[in-house]
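The values are calculated or read from the model by the stated rules, or taken from the named source; none is laboratory data. These figures come from a predicted structure and were not determined experimentally. Neighbour counts run over all protein chains shown; Cβ positions are idealised from the backbone, glycine included. With ligands, DNA and RNA removed, areas are computed over all heavy atoms of the protein, side chains included. Shrake-Rupley method; radii C 1.70, N 1.55, O 1.52, S 1.80 Å.
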Amino acid sequence: MNFELIIQEESNKEYYQNLQMFLNYEYKTKTIYPPRHLIYRALELAPFNNVKVCMLFMDPYHGGQANGIAVSIDEGVKVPSTLRNLLKELKSDLGIDHSSNLTGWCTQGVLLLNSILTVQEKKPLSHSCQGWERLTDRFITELSSRGDVCFMLFGNTAQKKESLIDSTKNCIIKTSHPCGLSAYRTTSPFIGSKCFSRANDYLITRNKEPVNWSA
């Protein structure tokens, strides 16, 4: 199994064809992020059989920062609060200072995945319920079946995906969403979760190379 094959199989289904028609209209008539050729960039950088960690988020940044990799942005762009808190926890957990460009994680098998892969400018969640969730649910299900993946579910929406994951074959880390004050709230706050070291601890138990989070 691989992401390309999954997309090929899903492309024969009515929901996927409707999604593509919707996107054709949206990209022609509105400002949509990320650029269309970058929609599947995260999957290209972290191929199916290489995925060791899957961080699940909601939808792309809607202010122009989106580049096809959930939460990561190109250097020189203003850092959103979600990424700022992610890097803050990385510093607290492992003492690592990191830039806003997270492609070095992706090439080691960290899949930074949004459940919705496109968004209209300045309208968060504007492309929800158009079919993306069904496709990304398939990605999650297939990764779960493969096993030995550390799934990081940030926030209530991501945690609803827990039912797709076989906890006997994978690791699940659940925290609040890293965005703004949400990072500090709930009984399982993101800040202080030590999710990076916990992920590496799991990978070591599965005889996998831990992620070099400083890359």
* Return, ordered by residue number, the residues of the stretch 151-190 whose backbone nitrogen is under 18 Å from a label point located 7 Å along Cα→Cβ of LYS78. => 179-181
* To do: Determine the share of the stretch 15-59's accessible area contributed by carbon and sulfur atoms, expressed in whole percent, with a 1.4 angstrom probe.
  => 54
* Of LYS28/LYS123; LYS160/LYS194; LYS13/LYS161, which ones are farther than 19 Å apart at the Cα? -> LYS160/LYS194; LYS13/LYS161
* To do: Would you mind computing, in nm to one decimal, how far apart the modelled labels at SER99 and TYR40 are, each placed 7 Å from Cα along Cα→Cβ?
  => 2.8
* Express the carbon and sulfur contribution to the solvent-accessible surface of the stretch 68-182 as a percent, rounded to the nearest whole number, probe 1.4 angstrom. => 48
* To do: Measure off 7 Å from each Cα along the Cα-to-Cβ vector at GLU142 and GLN17, then give the distance between these two points in nanometres to one decimal.
  => 2.0
* Enumerate the whole-percent occupancy of each 5 Å bin, from 0 to the last occupied one, for all C-alpha pair distances of the chain. => 1, 7, 15, 21, 21, 18, 10, 5, 2, 0
* With Cβ to Cβ distances under 10 Å as the rule, what net charge do the other residues near MET152 carry (K, R +1; D, E -1)? -> +2
* Asked: Using only helices, what value at 222 nm comes out for the chain when you add -39,500 (n - 2.57) per DSSP H run of length 4 or more and divide by the total residues, to the nearest 500 deg cm²/dmol?
  -> -10500 deg cm²/dmol
* **Accessible area (Å², per residue) of the chain, counting only protein heavy atoms and a probe of 1.4 Å** => 46
* Asked: If you put +1 on each Lys and Arg Cβ and -1 on each Asp and Glu Cβ, how big is the dipole of the chain around its Cα centre, in Debye rounded to 20?
  -> 460
* Asked: About its Cα centre, what dipole magnitude does the stretch 1-65 give when the only charges are +1 on Lys and Arg Cβ and -1 on Asp and Glu Cβ, stated in debye to the nearest 20?
  -> 220
* What spacing in nm lies between the two simple spin-label points modelled at LEU125 and THR187, each 7 Å away from Cα in the Cβ direction? -> 2.4
